[in-house]
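Each remark here refers to the structure printed beneath this line.
The values are calculated or read from the model by the stated rules, or taken from the named source; none is laboratory data. Source: prediction; values computed, not measured. In this analysis, Cβ positions are derived from the backbone assuming ideal geometry, glycine residues included, and neighbour counts consider all displayed protein chains. Note: areas computed on protein heavy atoms with side chains; ligands, DNA, RNA excluded. Shrake-Rupley method; radii C 1.70, N 1.55, O 1.52, S 1.80 Å.
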Amino acid sequence: MQETGTASSRSRSIISTQSRASSLGQGLASGSRVSKSSIPAPLKAKSLNPGASVHRMRRIIAEDAEWSLAIVPLLTELCIRHIVKNFQNNPILKQLPARHQQKVLNNLSPDLPLAVTANLIDDENYWHRCCVQRWPVCHLDCHGGSWKCTFFEKHLENLIKHFIPGTTDPAVILDLLPLCRNYVHRIRVDQFLPPVQLPPPPHSGDQSDSGSEGEMEEPTMDHYQLGDLVAGLSQLVELDLVYGVKDCGMNFEWNLFLFTYRDCHSLAATIKACHTLKIFRLTQSKVDDDKARILIRSLLDHPALEELDLSHNCIGDRGARAAAKLLSHSHLRVLNLAHNTNLLSLNLRLNRIEDEGGQALAHALQTNKCLTTLHLGGNELSEPTATLLSQVLSVNTTLTSINLSCNHIGLDGGKQLLEGMSDNRTLLDFDLRLSDVAQESEYLIGQALCANREEARQRALNASHFMSPLTATGPENPEG
């Protein structure tokens with residue numbers, strides 16, 4: 001039966017083919033035109049390697065050459081792409097589920113305006129990308145461990161460093177306040193640019209010569225005033241400033257490093273009004289005694305200040321006395337004045353700086369090369385301070401007088417000081433009265449002081465003998 005069905009099928013196919021051929025022949029015989037579409041395409045020989053033709057291997061032959069069987073993206077993915085593309089004009093984030101929020105944040109550009117992102121985005125990964133794009137090296141530990149705080153603090157510092165008084169619009173900085181007030185805790189600025197100095201106008205020939213040159217106004221060199229900015233930063237705890245210009249090259253002038261009196265008065269009012277400030281540093285700014293007294297006066301009875309650093313300036317004895325007064329009228333825990341090259345005597349007696357303040361001073365004295373007199377009497381110092389001072393005695397070569405009377409140095413502290421004196425050749429006076437030091441230690445320290453005084457006397461004699469022949473030598477007497 002199967003063979004019979006197959007044979008009948010073949011016969012029907014042959015008859016159909018013959019009928020088509022007959023009709024085609026009749027058309028040709030009658031002279032009628034036959035369309036090309038009605039003519040079946042000739043059969044092509046099968047390729048020996050069907051895999052060589054990609055076209056033959058496709059399941060569907062479409063008009064679009066790039067058409068594929070890839071799955072159409074999910075509607076949520078299309079929505080996320082649309083949100084990211086239009087985020088600047090229509091920022092949608094908080095309304096999304098958490099998993100979709102993260103996808104949006106991962107695809108946002110770090111170049112979006114701060115007015116859009118500042119108070120909307122808290123994701124640390126986003127602000128990390130913003131920081132790395134602008135600053136290849138970022139010390140996260142210096143900014144409280146937050147990438148968002150790091151970005152806004154460095155961005156604000158950069159604006160201040162490149163602000164030119166009289167040229168830059170102050171709104172460039174002040175307009176940032178609503179965006180960064182909650183994220184800036186520290187300001188560290190190592191450059192303040194002075195105003196641009198324009199050449200004086202040429203004098204006309206008919207100008208009156210009655211005015212003297214002394215009446216001409218001096219060009220102002222005042223820098224950017226921080227008052228309005230700091231007043232708007234409610235979370236500020238640290239202010240670290242250097243008044244100078246970096247990379248000035250061949251344009252170097254001393255007045256580029258001038259901390260003016262107007263700068264000083266403005267800064268004093270700024271830090272006095274900032275009740276959240278805990279750390280204030282003003283270094284390498286040519287601060288003298290008068291300016292130091294202005295600044296320190298504004299810090300008296302400050303409710304929060306714990307650390308004051310005025311190192312690498314020009315502060316002398318008058319400035320140090322003002323600092324000593326500050327210790328008894330503040331919550332100060334760290335005072336750094338030790339790198340001032342003009343400071344010869346530091347008197348902090350009767351101030352209760354305790355061991356924390358005493359140890360800070362001892363650390364500074366290990367590298368100080370100018371201080372000769374140190375008075376720390378009546379400051380509730382004990383053995384920890386004595387231990388560090390013994391190290392100072394071993395390396396310091398400028399101190400000639402130390403007063404630690406009326407403290408609690410104790411027996412072990414006295415032994416530590418004695419050990420330090422064994423390597424010291426310059427200290428001439430060491431007051432340890434009422435400091436609980438053992439008599440034996442005090443006696444041996446006194447013996448070391450006597451030896452140092454004798455060596456100092458011998459050096460002075462040798463110097464005088466060396467100078468006397470040079471002084472007595474004169475021109476030879478031609479008569480003699």
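Pairs exceeding 31 Å between alpha-carbon atoms, taken from LYS94/LYS272; LYS85/LYS246; LYS161/LYS325; LYS246/LYS291; LYS148/LYS369: LYS94/LYS272; LYS85/LYS246; LYS161/LYS325; LYS148/LYS369. Our note on the geometry: Cα centres of region 361-418 and region 140-181, 42 Å apart. Under 5 Å between amide hydrogens, built in the peptide plane, is the criterion, and for ALA438 it picks out GLY414 among residues at least 5 positions away or on other chains.
What full-extension length gain, to one decimal in nm, is calculated for ASP429 and VAL116 as 0.36 nm per residue of separation minus the Cα-Cα distance?
That works out to 106.0 nm of additional length.
Averaged over residues, the count of other Cβ atoms within 10 Å places the peptides 352-364, 154-166 in the sequence 352-364, 154-166, highest first. Computed over protein heavy atoms with a 1.4 angstrom probe, the accessible surface ordering of LYS278, LYS85, LYS415, largest first, is LYS85, LYS415, LYS278.
Amide H to amide H, with H built 1.01 Å from N, ASP431 comes under 5 Å of ILE402, ASN403, LEU404, counting only residues 5 or more places away or on other chains.
The string of couplings for region 320-333 from the Karplus curve (6.51, -1.76, 1.60, θ = phi - 60°) is 5, 5, 5, 5, 5, 5, 4, 4, 9, 10, 6, 9, 4, 10 Hz, one whole number per residue in order, with x for Gly and Pro.
3J(HN,Hα) along region 80-87: 5, 4, 5, 5, 5, 5, 10, 5 Hz, from the Karplus curve 6.51 cos²θ - 1.76 cosθ + 1.60 with θ = phi - 60°, whole Hz, x for Gly and Pro. Largest accessible area first, the listed residues SER328, SER311 line up as SER328, SER311 when surface is computed with a 1.4 Å probe on the assembled protein chains. A simple rule links phi to the HN-Hα coupling: the Karplus curve 6.51 cos²θ - 1.76 cosθ + 1.60 with θ = phi - 60°, which for region 169-179 gives 6, x, 5, 4, 8, 5, 5, 7, 4, x, 8 Hz, with x for Gly and Pro.
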